[in-house]
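Report on the structure given below.
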Amino acid sequence: MIKFDLNDRVAIVTGGAQGFGLAITKRFIESGANVIIWDIDENEMKKAIDNVNSKKLSYQIVDVSNNDLINDKLTQVENSHGKIDIFINNAGITGMNTTVVDYPVDEWNKVINLNLNAVFYCCKAVVPFMMKNNYGRIVNIASIAGKEGNPNASAYSTSKAGVIGLTKSLGKELAQKNIAVNCVTPAAAKTRIFDQMTEEHINYMLSKIPRNKFAKVEELASLVTWLSSEENSFSTAAVFDLSGGRATY
């Protein structure tokens, strides 16, 4: 395993208590970073703390879809750690698997609010903290669904397409700063997010992956860790595929 250098970096990972977020958290700590998990499930965060067992890991209970809370939580992190270097927008939900015609409006708004609006809220709030120190790495976890659009997953596909567009806009805005903003578009991985999907939809996603397997959370964590490191000194406003060959552009 390559050891990326995140020594003395301070990172926040939303949805960091399980799945992709926990894998990223573990890899960051192995690379020397101090990590603060943001999640709304305190029990899962406590499990993650026990699982990782590192003094470099802490957590805050944060609903990232609540814009009014985010700046206060960031200020708390800065006060306790002195700075914020890395921010990973990972928290998200899949929403229902049904057609556009049958998609409930309330469910649509719920998915868009957490998967897209919350990413905007967090990016908007964290950038000034990074600009203070002339350093930052933001990685947004999108999805191959945001590129291709999965049938019966319109809200999820739309929200992730929006994350790609937001990443490109913000990355270009900050291109003259030492702040890189990129996103990753993974194919599905076997995490608890599968609990929100129908078996039919899971089988559909697997059938679209030429490697004929789902992504591993560790594979995503490796890519995200490099994107979050100082070694990534040039790539910004970019989309990095982790789709097992599914991506067509």
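State all residues of the range 1-41 that are polar (S, T, N, Q) and not in a loop (DSSP other than H, G, I, E, B); if no residue qualifies, say none.
Residues satisfying the conditions are 14, 25, 34.
Return the pairs, sorted by first residue and then second, in which the second residue is of a type in the set (Lys, Arg), the first residue lies in the range 222-249 and is within 21 Å of residue 205 (Cβ to Cβ), the beta carbons are less than 6 Å apart, and the residues are 6+ apart or on different chains.
The qualifying pairs are 244/211; 245/211; 246/208.
Read through the list (1) crowded, with 18+ Cβ neighbours inside 10 Å; (2) of a type in the set (Ser, Thr, Tyr); (3) without any contact (Cβ under 8 Å) to a residue 12 or more places away in the chain, then give the number of the only condition that residue 25 fails.
(3)
Only one of (1) more than 19 Å from residue 220 (Cβ to Cβ); (2) surrounded by fewer than 23 Cβ atoms within 10 Å (Cβ to Cβ) fails for residue 34. Which number is that?
Failed condition: (2).
Among the residues that make up the range 137-159, is at least one of them closer than 17 Å to residue 20 by Cβ, without any contact (Cβ under 8 Å) to a residue 40 or more places away in the chain and either of a type in the set (Asp, Glu) or in contact with a strand residue (DSSP E or B) (Cβ under 9 Å, 6 or more places away or on another chain) (or both)?
Looking through the range 137-159, at least one residue is closer than 17 Å to residue 20 by Cβ, without any contact (Cβ under 8 Å) to a residue 40 or more places away in the chain and either of a type in the set (Asp, Glu) or in contact with a strand residue (DSSP E or B) (Cβ under 9 Å, 6 or more places away or on another chain) (or both).
Hey, can you tell me all the residues within the range 115-157 that are among the hydrophobic types (A, V, I, L, M, F, W, C), surrounded by fewer than 23 Cβ atoms within 10 Å (Cβ to Cβ) and over 23 Å from residue 223 (Cα atoms)?
Once the filter is applied, which keeps residues that are among the hydrophobic types (A, V, I, L, M, F, W, C), surrounded by fewer than 23 Cβ atoms within 10 Å (Cβ to Cβ) and over 23 Å from residue 223 (Cα atoms), the range 115-157 yields 125, 129, 131.
Tally the residues that are aliphatic (A, V, I, L, M), farther than 19 Å from residue 174 by Cβ and either in contact with a strand residue (DSSP E or B) (Cβ under 8 Å, 6 or more places away or on another chain) or assigned to a loop (DSSP other than H, G, I, E, B) (or both), restricting the search to the range 196-245.
7
Condition (residue is within 17 Å of the chain's Cα centre (by Cα) and not small (Gly, Ala, Ser)) applied to the range 202-216: is it met by at least one residue?
Yes, the range 202-216 has at least one match.
Name the one entry in 91, 118, 125 that is within 21 Å of residue 21 (Cα to Cα) and assigned to a loop (DSSP other than H, G, I, E, B).
So the residue among 91, 118, 125 that is within 21 Å of residue 21 (Cα to Cα) and assigned to a loop (DSSP other than H, G, I, E, B) is 91.
Regarding residue 168, is this residue of a type in the set (D, E, K, R), at pLDDT 95 or above and under 14 Å from the mean Cα position of the chain (by Cα)?
In short, no.
Just checking, how many residues over the range 42-77 are part of a helix (DSSP H, G or I), surrounded by 14 or more Cβ atoms within 10 Å (Cβ to Cβ) and among the charged types (D, E, K, R)?
3
State yes or no: is residue 182 surrounded by fewer than 22 Cβ atoms within 10 Å (Cβ to Cβ), polar (S, T, N, Q), in contact with a helix residue (DSSP H, G or I) (Cβ under 9 Å, 6 or more places away or on another chain) and at negative phi?
It is false that residue 182 is surrounded by fewer than 22 Cβ atoms within 10 Å (Cβ to Cβ), polar (S, T, N, Q), in contact with a helix residue (DSSP H, G or I) (Cβ under 9 Å, 6 or more places away or on another chain) and at negative phi.
The values are calculated or read from the model by the stated rules, or taken from the named source; none is laboratory data. These numbers were taken from a predicted model, which means no experiment stands behind them. When we count neighbours, we look across all protein chains shown, and the Cβ atoms used for this are built from the backbone with ideal geometry, even at glycine.
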